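Enquirer: Dumping the structure here so I can ask a few things about it.
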Amino acid sequence: MPFPLINCIVTADYEIFLGRNFFSTGDVLFKPARQMMDICGKLNVPITFFADVCSVWAHRRYSLNDYVHGFENQLRTAVREGHDVQLHLHPHWLKSTFENGEWHISTEQMYLWEFKHEDARGSALAVIKQGLEYLNKLLQKENPSYRCVAFRAAGLALQPGEHELIAALLESGIQVDSSVVKNVRLKMDTIEIDYTGMPADANWFMDPQKGISAPADWGLFEVPVATFQSDWRSRVGFLWRRILSVKMQRGVGFSRARRQTRLSTLKSALRYNWRYVSTNPWFLLSCDTKGLSLKMLLSGFDDYIKRHSQADSIYVSMINHPKMMFDPQFELLRAWVTEAQDQYGERIRFVTYAEAAEQINKKT
């Protein structure tokens with residue numbers, strides 16, 4: 001079976017933990033992001049960092065300038081070294097407070113669609129525009145040709161309210177989205193997404209009228225995160241490796257539940273992980289998911305490419321989080337890139353969203 005030309009985008013959601021961080025922000029984010037840049041730099045593979053700009057605004061509001069300076073300096077360094085930076089928004093930071101040396105996370109409005117009833121200054125459109133202006137101003141000092149053109153939703157949640165959010169993104173000037181994870185359906189107390197029933201095409205345009213599931217003639221160009229399934233033997237091995245890596249943590253997430261005890265957190269974790277053997281879930285192409293092996297990633301990516309082999313050229317992304325990556329995950333990233341280059345040869349290119357937007361503009 002012939003392969004399409006694969007335009008692969010290695011991404012990293014550039015953020016700290018939304019709940020409790022066990023170490024300094026340097027140890028949680030800046031050091032692993034630097035390690036990721038070192039590895040990909042040696043492989044001549046650019047990274048696209050989806051920067052959670054709301055977090056830096058919140059830290060500046062309380063004069064927590066070590067984070068602010070570290071965040072901004074590292075993004076400038078990334079651009080200087082040939083990497084890309086695009087927009088990621090966790091808007092709960094806008095109403096979170098810092099008291100007695102720790103963050104008190106606001107869970108009332110965690111996703112952009114929950115800002116639809118805000119006034120114009122606090123609307124989703126205003127937050128998106130502020131994010132674009134912030135990144136453009138920050139990074140054009142390093143590279144005058146830099147433009148923020150791509151977006152990834154918090155928790156990958158374009159839903160619900162996708163029609164309004166697509167309209168806001170287009171109005172702000174965003175050209176590319178990378179939030180969709182095909183076939184994944186997830187319901188938690190913090191988030192609910194349903195990406196079943198997505199178009200068969202590897203990429204498609206999304207407009208405010210048709211939303212995310214019906215291809216349009218124009219709109220946001222979708223570059224999904226690759227997803228795949230594995231057989232039960234692989235899933236059992238995955239779960240065992242996941243158990244062994246339980247101590248690899250730099251922080252934890254949070255819940256909207258009024259009472260979040262250690263016992264309730266443990267129960268949630270058990271229910272979440274049991275699905276890997278009780279069902280046949282869809283995995284995301286990622287090196288930071290504890291338990292994934294090189295074999296699973298290579299076979300899963302190959303399956304994704306074959307499912308979209310009818311196209312001459314496709315765009316697809318890998319998602320990572322520096323805050324969740326340790327030495328085994330960095331080695332997995334290095335090995336996966338190397339093996340993918342060997343397997344697909346000239347049929348695979350590692351690109352950025354800036355390059356993708358440029359190519360899309362030429363075609364349209």
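The values are calculated or read from the model by the stated rules, or taken from the named source; none is laboratory data. What you see is a predicted model; the values in this text were computed from it and never measured. Here the Cβ positions follow ideal geometry from the backbone for every residue, glycine too, while neighbour counts run over all protein chains shown.
Enquirer: Considering each residue of segment 49-97, count those that are in contact (Cβ under 8 Å) with a residue 24 or more places away in the chain and in contact with a His (Cβ under 7 Å, 6 or more places away or on another chain), and give that number.
Expert: 8
Enquirer: Consider Gly251 against the criteria (1) in contact with a strand residue (DSSP E or B) (Cβ under 7 Å, 6 or more places away or on another chain); (2) of a type outside the set (Phe, Trp, Tyr); (3) free of Cβ contacts under 8 Å to residues at least 12 places away in the same chain: it satisfies all of them except one. Which criterion is unmet?
Expert: Checking Gly251 against (1) in contact with a strand residue (DSSP E or B) (Cβ under 7 Å, 6 or more places away or on another chain); (2) of a type outside the set (Phe, Trp, Tyr); (3) free of Cβ contacts under 8 Å to residues at least 12 places away in the same chain, the one that fails is (3).
Enquirer: I need a count of the residues in segment 298-326 that are more than 20 Å from the chain's Cα centre (by Cα) and not hydrophobic (A, V, I, L, M, F, W, C).
Expert: Total meeting the criteria: 10.
Enquirer: Given Ala335, Ala356, which one is in contact with a helix residue (DSSP H, G or I) (Cβ under 6 Å, 6 or more places away or on another chain) and either crowded, with 16+ Cβ neighbours inside 10 Å or farther than 14 Å from Cys8 by Cα (or both)?
Expert: Ala335
Enquirer: Name the one entry in Glu222, Glu192 that is surrounded by fewer than 17 Cβ atoms within 10 Å (Cβ to Cβ) and within 19 Å of the chain's Cα centre (by Cα).
Expert: Exactly one residue qualifies, and that residue is Glu192.
Enquirer: For the subset of segment 78-118 comprising residues that are part of a strand (DSSP E or B) and either among the basic types (Lys, Arg) or within 17 Å of the chain's Cα centre (by Cα) (or both), which member is surrounded by the fewest Cβ atoms within 10 Å (Cβ to Cβ)?
Expert: The residue in question is Leu87.
Enquirer: Return a yes/no flag: does segment 92-106 have any residue that is at pLDDT below 95 and among the aliphatic types (A, V, I, L, M).
Expert: Within segment 92-106 (the criterion being at pLDDT below 95 and among the aliphatic types (A, V, I, L, M)), the answer is yes, since at least one residue qualifies.
Enquirer: Name, by its number, the condition in (1) touching a helix residue (DSSP H, G or I) at 6+ places or on another chain (Cβ under 9 Å); (2) farther than 29 Å from Asp27 by Cα that does not hold for Asp327.
Expert: (2)
Enquirer: Identify the single condition in (1) part of a loop (DSSP other than H, G, I, E, B); (2) surrounded by fewer than 20 Cβ atoms within 10 Å (Cβ to Cβ); (3) touching a helix residue (DSSP H, G or I) at 6+ places or on another chain (Cβ under 8 Å); (4) at pLDDT 95 or above that Ser179 does not satisfy, given that it satisfies every other one.
Expert: The single condition Ser179 does not satisfy is (2).
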